[in-house]
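None of the figures in this text is laboratory data; all of them are computed from the coordinates on show. All values derive from a computational prediction rather than experimental measurement. Every residue, glycine as well, gets a Cβ built from its backbone with ideal geometry; the counts of neighbours run over all protein chains shown.
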Ligand code: IVH
């Protein structure tokens, strides 16, 4: 009994010291004292394991190693927020809410650049930590979450509660970690967010423990359970339970308050010990939030204002030209590699001759680079003041860099084209496009393999793909083509013959026809023969098809009669196979099993919904089952699903998914 008491006492002292140090940033005991208590506790727990608790502070150092991450369904989906980039968009957001008849106050919070997590407590004890995942289903990261020192293992009140927040790595920790990695010749971690994400996905919690992760808690999914009426109250409430809540969060009355907060956040950004990438603006009143509700993807009561993209300087080493599948020539910037928002940038598109001339770029210039929409790198401008005089003028090429045929620029068009139908690069790009995911979706035939098979002479055009089987033995003589790999490719090519018409139309690569327009054409004309017979007038009657596209379509078919006839003979399906299944992030591609009865819904309704969204409804539970839908009076499938650790949706969940549709 005495020992149990001492363990309790030590736990309390250590937890308190931890809280003061990591949450309040206000140490109350020395490191030596802390270590002494911790060692005593460790020894007692070793000797008397029956008293060692799951939430003991000794667990902070890690030790648990898991085999895989289990999937956990979030009771309340973990949504992300719509991004906005300007004052105008913030004003629009405010106005929209006012127009709905509200006079809102807002809470402004820093947008921490880490990854969000959900933390569950039972009777005040931390029991579960989950990543956001796709927002509906995340991964169990409890073993690693327990090593985050600012996250309480035991709350100040014995509540059963879920809170959400950001798991992040401080700038200082990242710098130290990278120094260590440099010494060990390991690749450096690009930014705090990637570092935090990589650390939390460690199977071995000892590794995660060494990464010194931290948290800021900002969201209470079930505030009504605690009588909480505003976001600001919920922040204070979570803080009172022992969570680390950002002291810079601020309640503001109106748009001016929001703008002032953003201005200050921008000024403070550099000095903050952690990375932020913007400001989150939330309607304070929770009843108002509830009434504003959600769009398909986001809450209507909050937005994320993102700071303008970071720009970096680098050298424009060269401008090279690539040939697209239509023969279009694109100038590309070859850059001295630089790291920008977490990735190394080596290339950026320069679109066309006019674009380069307008920007006045010269080879050898120092240029600033940013990521457009945070993804695609773009050259912003040349730093004229950094010129040395050695820069080389940009000159558009006059001949195709691949086949050397003269390039052609059509009237009123900014782009140059290689019109040589035998240009190898054009043909390779056309083949790559034909097999790509949104077109014929031939898996296993990656860009490099297509290029190689082309260069080896095995496929020169689209019909050749369907003759590949006859050349199997010859291909196998080349290095890198195992029998299994090749068979897989050939099988996938064969299967692609059954694709619905829109994939073929898109795959043919008609100028200006994207996958959406291809679908429109397939749905309207139903067969390829109908489409190829269509006149300009027929085509222009379709919404979204203008004169230019109509001309592109008719001239494509006039010039490619032989190709289409060939494909027909080869047995490619040329019919539209009905409405494409709707994609649903939680259903498409997944296998479901239903057990028991679901109130208000028949099994057939659920099955139909699953199948219409590209999922499979099967009868028995196996390792391959993705989700068990659990109704009243379930059968043995339930037990089996639990044994196999298969995620389970209750009735409320499936109804919600079907209703939200
Ligand atoms: S609120 C419905 N608050 O930014 C509530 N998110 O695009 C959704 N984030 O996925 C989250 N700081 O990972 C919220 N103070 C903050 C945040 C924050 C960072 C992240 C979070 C979320 C994303 C929103």
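Numbers below:
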item: Centre separation in Å (Cα based) which lies between the stretch 274-317 and the stretch 487-557; result: 39 Å
item: Listed peptides 559-566, 218-225 by packing density, highest first (mean Cβ within 10 Å); result: 218-225, 559-566
item: Nearest 10 degrees, 0 to 90: helix 483-495 Cα axis against the chain principal axis; result: 70 degrees
item: Percent of alpha-carbon pairs separated by more than 17 Å within the stretch 385-445; result: 61 percent
item: Separation in nanometres of the label points that stand 7 Å from Cα toward Cβ, at residue 494 and residue 236; result: 7.1 nm
item: Relative contact order [Cα under 8 Å, 6+ residues apart], the stretch 255-405, whole percent; result: 17 percent
item: Relative packing of 600-612, 429-441, which averages over residues the other C-beta atoms within 10 Å, highest first; result: 429-441, 600-612
item: Residue-span extension gain [residue 12 to residue 25] - 0.36 nm each, minus C-alpha spacing; result: 2.9 nm
item: Folded to 0 to 90 degrees: helix 515-525 orientation relative to the chain principal axis, Cα; result: 60 degrees
item: FRET E, pair residue 349, residue 2, Förster distance 60 Å, beta-carbon r, rounded to 0.05; result: 0.25
item: Tilt relative to the chain, helix 171-183 - C-alpha long axis, 0 to 90 degrees, to 10; result: 70 degrees
item: Rounded FRET efficiency, nearest 0.05, which uses the C-beta distance separating residue 555 from residue 441 and R0 of 35 Å; result: 0.85
item: Whole-Å distance, taken between Cα centres, linking the stretch 208-271 and the stretch 404-476; result: 53 Å
item: Gap separating the Cα centres of the stretch 1-56 and the stretch 69-96, nearest whole Å; result: 39 Å
item: Cα-Cα pairs of the stretch 281-352 separated by more than 16 Å (percent); result: 67 percent
item: Computed E for residue 91/residue 422 - FRET, C-beta separation, R0 56 angstrom, nearest 0.05; result: 0.50
item: Label-point separation in nm, residue 383 to residue 188, each point 7 Å along Cα→Cβ; result: 1.8 nm
item: Within the chain, percent of DSSP bridges classed antiparallel, to nearest 5; result: 85 percent
item: Range of Cα positions in the chain per principal axis (Å), largest first; result: 91, 74, 63
item: Stokes-Einstein D in µm²/s, Kirkwood radius over Cα pairs - the stretch 549-633 at 20 °C with 1.002 mPa s viscosity; result: 131 µm²/s
item: Backbone N under 17 Å from the residue 591 label point (7 Å along Cα→Cβ), restricted to the stretch 643-661; result: 643-649
item: Residue-averaged 222 nm ellipticity for the chain, from DSSP H runs of 4+ at -39500 (n - 2.57), nearest 500; result: -10500 deg cm²/dmol
item: Globularity index of the stretch 442-590, i.e. its alpha-carbon radius of gyration over 2.2 N^0.38 Å; result: 1.18
item: D (Stokes-Einstein, µm²/s), Kirkwood Cα radius, the stretch 200-345, 1.306 mPa s at 10 °C; result: 80 µm²/s
item: Percentage relative contact order, the stretch 1-160, counting C-alpha pairs under 8 Å, at least six apart; result: 26 percent
item: Label-to-label distance, nm, for residues given as residue 414 and residue 178 (7 Å Cα→Cβ offset); result: 3.5 nm
item: Rel. contact order, % - alpha carbon contacts under 8 angstrom, at least six apart, the chain; result: 9 percent
item: Percentage of interatomic Cα-Cα distances in the stretch 354-396 larger than 13 Å; result: 55 percent
